[in-house]
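The values are calculated or read from the model by the stated rules, or taken from the named source; none is laboratory data. Keep in mind that what you see is a predicted model, and the values were worked out from it rather than measured. Cβ placement follows ideal geometry from the backbone for every residue including glycine, while neighbour counts extend to all protein chains displayed. Surface areas here come from the heavy atoms of the whole protein model, side chains and all, with no ligands, DNA or RNA. Shrake-Rupley method; radii C 1.70, N 1.55, O 1.52, S 1.80 Å.
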Amino acid sequence: MGEVTNIAIAGVGGQGIILASDVLAQAAICAGYDVKKNEVHGMAQRGGAVVSEVRFGRRVRSPLIPDGEVDVLLALEMLEGLRHLHRLRPEGVVIADELRIRPAVRPPGAPGYPEDVVDRLRSLGHRLVLIPAAELARGAGNARAANTVLMGAMSRHLQLPEDAWQRSLRMCLRPSLLEVNMRAFGLGRQTQDI
Amino acid sequence: MTIPAPSATCVLLSGDEAIARGAFEAGVLVATSYPGTPATEILEALVQYPEIEAEWSPNEKVALEVALGASLAGARALVSMKHVGLNVASDPLVTASYVGVRGGLVVVSADDPGMFSSQNEQDNRHYARLAKIPMLEPCDSQEAKEFTRSAFEISERFDTPVLLRITTRMAHSKSIVELGERMERTPTGFVRDVAKTVMVPGHARRRHELVEARMNALAEWAESCSLNRIEEGDRGIGVICSGIAYEYVKEVQPKASILKLGLTHPLPSGLIREFAEGVDRLHVIEELDPYLEEQIRALGVRLSHEPVSPRLGELSPTSVARLLEAGKSAPRAPLPDLPPRPPVLCAGCGHRALLTVLKQLKVFVSGDIGCYTLGVQPPLEAMDTCVCMGASLGVAFGVEKATGRSDNIVAVIGDSTFIHSGIAPLMDIVYNRGATTVIILDNETVAMTGHQDHPGTGRTAAGESTHRLPLDELVRAIGVRHVAVVDPYDMKQSKELIQAGLRRSEPTVIIARRRCVLLDREERRRARRIDVERCVGCGQCLTHGCPAIFDKTPEGEKKKQVEIIAQLCVGCNVCGQLCSAGAIVEEPDSG
């Protein structure tokens, strides 16, 4: 990884992408880094494709990651991971939920959901880590904590101390949801790369 | 600027939140806005400060006028809006420039290059020149906060409103901000001075002279103010830039010499010439229009490139690297053949039900700005025009006048959009004896921007209870005799009311009222399911684009196979009303 670490988090509006990027950004702040992040608000969130980018390092300039410099691509949905695959560094890693969400509408002439989505996530030669996030989240007590499971899995690939993640989760989550999410994060962090 | 060291007073803020913080620290007393992406979060953050009177105004013109009044009474005031909102507020803006201020007055314009959530990507830097007011453009959240404070000082020092111009990337990117203390100010109260505040021609002529003198004074000040700075680097390449473009240049050409402009109107001509003389190659990097480039060329300064301002869309570090030939290898192309995933109306959205009826009636739909604009997409395709806030009524009336027919056209407009700028065109229709059928899609909130309140919700920005504007009484008072309120889930009744309106030779207003489904998640009805025994595979339930209905028909199969995703279905039964086979039934009670 370069002087600045770049993470792109992609998924479908409503999956908790902005919360996930907030947790990551706060963890980087807790670890003493300069941080910038960007996200999409407004109409695009209505079930559309959403991406949020987080950058941390000694000094971060652009809030947008230059193409070809993404270190970690976290895909909360596999097709949305595919949409940003070309932006990864050659040595970058893809961490993806096994989830497939078909687009709600298929405009005339548009291709269907790529059935070979897993193969295509590997097609540019990147390391791919697939996580059964919903199943693990259910194990933690709430299927909706899938995004936190994925954060846990991603944390294995980032140079941030575990304590920074714990502090960030406590700062970003409502107290009533904290326990489930702490468990979900832990289960994600314990996953092994395949 | 330097990065503040992490501490309790350092927090991660968006550009919008940082502007709100800057206003708070500057002692702002009054803040106004109308919701619009990407500016909405400024007022949402301001309303959290109990020291500030923060309001959602009915539209941006009113917002600016209220802020101006507060300023004339000696209070510092901030008004924020999206770029197109400044078109609505441009009338008071240009004359407020003549009137000037008492307490500082800052106007925030949040532009949307790339049109993430807008109908155009106009470059509002031109407004600073048009209105003859100073303009500031910050590059990150820390600067957004500092520039907001500076803007109030400039406003009071030079007796002028100040334009603080940001873009979507500035508004919605987050970076670390060091918090400061609030400076308390007591407003002086209104002091009578008609030569300054009553813009009759005799007064305005004199004020215009003062405006020109003020701009000259600002241009002189621009040469030495700390908002503009030269960062000396490699003399081989010099870049003039402002706002977020500065960060992109620093990202891809960290060694370049840079003239960073924080004050982009008026421009410091001496500083620009000095910088140009000190570098071999000179570039201007800016988003959208060649606003800086044209003024710099007009100074006689030679640029090392043909016009490079892309004019279209937003910049990125990748595109700036290309413009500066920064020697990065060409980025990879996106993977081919990926299905698009556009935003859609939510499962159970009342708008979908009403738009489905309009599709069935095959009428011309004059549309407006709101979630319902998504109805233009297949498979609904129930919208024929969409221009700007409130345009649906006037456009429908114009079509009616040109064609002599009112039996095949309706105007559809949201509740907040109607209050924003749909009332005047409705008066036009009544006054000029039109027969337009107008449908107000009343979801009791400003949904698209994230559920803000408006005069029709009965709640203020701070969540306090207030008078609730009754839309039906309002339209009757305007002179509409045929007014009906319908639940859009009842498609049969909606259809009958619309058909009656289309037949009538006088105006009709139908208020289709159904609270935004995102506000009432807990009140879900029983989910539906497909009874496969009865399903004939006609595909009618797929014609309204509900995200809870999943088309699982195998490739090449004519007979449709569908499934309703129970977790997404809210039980509106719009699909049930479309199904002629009676195959859509209630899920058995799971509880």
**OP:** Enter the Cα centre distance for the pair segment B:520-591 and segment A:82-131, rounded to the nearest angstrom.
**Re:** 28
**OP:** Apply the Karplus parameterisation 6.51 cos²θ - 1.76 cosθ + 1.60, with θ equal to phi minus 60°, to every residue of segment B:404-411 and state each ³J(HN,Hα) to the nearest whole Hz, in sequence, with x for glycine and proline.
**Re:** x, 10, 10, 8, 9, 9, 10, 9
Original post:
Hey, what number do you get for chain B at 222 nm if only DSSP H runs of n ≥ 4 count, each worth -39500 (n - 2.57), divided across all residues, to the nearest 500?
Top reply: -10000 deg cm²/dmol
Original post:
Each label point is 7 Å from the Cα along the Cα-to-Cβ direction; what then is the distance between the points at residue B:376 and residue B:115, in nm?
Top reply: 0.7
Subject >> Inter-probe distance in nm under a simple model that places probes 7 Å from Cα toward Cβ, at residue B:581 and residue B:157 >> reply: 7.5
Subject >> Under 17 Å from the Cα of residue B:560 - lysines, other chains or at least 8 residues apart >> reply: B:552
Subject >> Value of D in µm² per second that Stokes-Einstein yields for segment B:10-221, Kirkwood Rh from Cα pairs, at 20 °C (1.002 mPa s) >> reply: 128
Original post:
Where does the Debye-calculated log10 I(q)/I(0) of chain B sit at q = 0.05, 0.10 Å⁻¹, using only Cα point scatterers of equal weight, no solvent?
Top reply: -0.26, -0.96
Original post:
Any idea how far the Cα center of segment B:100-114 sits from the one of segment B:358-407, in Å?
Top reply: 32
**OP:** List every residue whose amide H lies under 5 Å from the amide H of residue B:439, counting only residues 5 or more places away in sequence or on a different chain, with H placed 1.01 Å from N in the peptide plane.
**Re:** B:411, B:412, B:413, B:510
Subject >> segment B:201-224 versus segment A:1-21: alpha-carbon centroid distance in Å >> reply: 48
Original post:
Around residue B:486, which amide H atoms from residues at least 5 apart in sequence, or from another chain, sit under 5 Å from its own amide H, with H modelled in the peptide plane?
Top reply: B:511, B:512, B:513
**OP:** Pull up all non-local amide H partners of residue B:256: gap of 5 or more, or a different chain, and H-to-H distance under 5 Å with H placed in the peptide plane.
**Re:** B:234
Subject >> Neighbourhood net charge (14 Å Cβ-Cβ; Lys/Arg +1, Asp/Glu -1) for residue A:47 >> reply: +3
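If packing is taken as the average count of other Cβ atoms within 10 Å, what order do B:379-385, B:28-34 fall into, highest mean first?
Going from most to least packed, we get B:28-34, B:379-385.
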Original post:
Once you list every other residue whose beta carbon is under 9 Å from the beta carbon of residue B:445, what net charge do they have if Lys and Arg are +1 and Asp and Glu are -1?
Top reply: -2
**OP:** For residue B:505 paired with residue A:115, estimate the spin-label separation in nm (one decimal), with each label point 7 Å from Cα along the Cα-to-Cβ line.
**Re:** 6.2
**OP:** Provide Rg over Rh for the protein assembly as shown; use the alpha carbon set for both Rg and the Kirkwood Rh (inverse mean inverse pair distance).
**Re:** 0.98
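Which of rounded, prolate, oblate describes segment B:523-591, given a ≥ b ≥ c as roots of the alpha-carbon gyration tensor eigenvalues and a/c under 1.5 marking rounded, otherwise prolate only if a/b is larger than b/c?
prolate
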Subject >> Note, ³J(HN,Hα) from phi for segment B:508-519, Karplus 6.51, -1.76, 1.60, rounded to Hz, x at Gly and Pro >> reply: 10, 10, 10, 9, 8, 9, 7, 3, 3, 5, 6, 7
**OP:** Using R₀ = 35 Å, calculate the FRET efficiency as 1/(1 + (r/R₀)^6) where r is the Cβ-Cβ separation of residue B:192 and residue B:462; round to 0.05.
**Re:** 0.65
**OP:** Within 10 Å, count the other beta carbons around each residue, average over each peptide in A:86-99, B:214-227, and list them highest first.
**Re:** A:86-99, B:214-227
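In Å², and per residue, what accessible area does the protein assembly as shown have when probed at 1.4 Å with the other protein chains present?
On a per-residue basis, 40 Å².
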Original post:
Across segment B:341-354, in residue order, what do the Karplus-derived ³J(HN,Hα) couplings come to in whole Hz, using 6.51 cos²θ - 1.76 cosθ + 1.60 with θ = phi - 60° and x for Gly and Pro?
Top reply: 10, x, x, 9, 5, 5, 4, x, 5, x, 4, 4, 4, 5
Original post:
Between Rg and the Kirkwood Rh of segment B:228-326, both from Cα atoms, what is the Rg to Rh ratio?
Top reply: 0.91
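Can you give me the % of accessible surface on segment B:10-221 that is carbon or sulfur? Probe 1.4 Å, all protein chains present, nothing else counted.
With neighbouring chains kept in place, the figure for segment B:10-221 is 52 percent.
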Original post:
What number comes out for the charge environment of residue B:353, summing +1 per Lys or Arg and -1 per Asp or Glu over other residues with Cβ under 10 Å away?
Top reply: 0
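Percent of accessible area on segment A:16-76 owned by carbon and sulfur, 1.4 Å probe? Kindly include the intermediate steps, with their values, before the conclusion.
Working: 640 of 1280 Å².
Here it works out to 50 percent.
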Original post:
In Å², nearest 100, what accessible area do chains A and B bury in total when the solvent probe is 1.4 Å?
Top reply: 4700
**OP:** Please label the shape of segment B:117-158 as rounded, prolate or oblate, based on the square roots a ≥ b ≥ c of the eigenvalues of the alpha-carbon gyration tensor (a/c under 1.5 means rounded; beyond that, a/b larger than b/c means prolate, else oblate).
**Re:** oblate
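Taking every DSSP beta bridge with both residues inside the protein assembly as shown, roughly what % is antiparallel (nearest 5)? Please list the in-between numbers first.
Details: 36 of 103 bridges.
Bridges in the protein assembly as shown are about 35 percent antiparallel.
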**OP:** Provide a list, ordered by number, of residues in segment A:48-67 showing at least 40 Å² less accessible area with every protein chain present than when their chain is taken on its own, using a 1.4 Å probe.
**Re:** A:59, A:61, A:62, A:63, A:64, A:66, A:67
Subject >> Equivalent ellipsoid, segment A:96-144 (semi-axes from 5 times Cα gyration tensor eigenvalues, Å) >> reply: 25, 18, 6
